[in-house]
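Structure first, then comments.
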Amino acid sequence: MENPIIRVWDNRQGKYLRENNIGVPPTLNLLSNKVTYPFRDSGESELEQETLEKELFTGIKDSAEVEIYEGDILSCDGFTYVVGFKDCQFVLYPLAKSGIGKNDYVPMYDYLMRGCFSYQVIGNIHENKEYEQN
């Protein structure tokens, strides 16, 4: 099995870890569930795991061909959702002024493939603090 495609938010640095200086992104070791980040001189290096949030790629791109990850905020037919992962599937949590409703969700694939025909990534929960989780 291949390692999943992930995006990594570093809470300590307050930013996403991008490709390193040789163009390699951080990877997730499935056996240890730890993120590694290859460095040019020292080979792979484990990062301070407590400060990292791993966000899985859903396998879907929006209407502008932007990859959709956990934690992304989607706009769909006038509604706003946050992408999450629950019960072994990607889900959409409705977003209201009061924050993210963690009790109400719809399966992402069902909704996007059957009910919502135009969806777009408009941000993420880390860089758009107005969508902070409750």
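Observations, loosely collected:
- In the set (1) more than 23 Å from E53 (Cα to Cα); (2) at pLDDT 90 or above, F90 fails one condition alone, (1).
- One residue stands out in the stretch 37-61 among those that are in contact with a Ser or Thr (Cβ under 9 Å, 6 or more places away or on another chain) and closer than 27 Å to C88 by Cα: the one that is modelled with the lowest pLDDT, namely E46.
The values are calculated or read from the model by the stated rules, or taken from the named source; none is laboratory data. Source: prediction; values computed, not measured. Ideal geometry is used to build each Cβ from the backbone, glycine not excepted, and the neighbour counts take in all protein chains shown.
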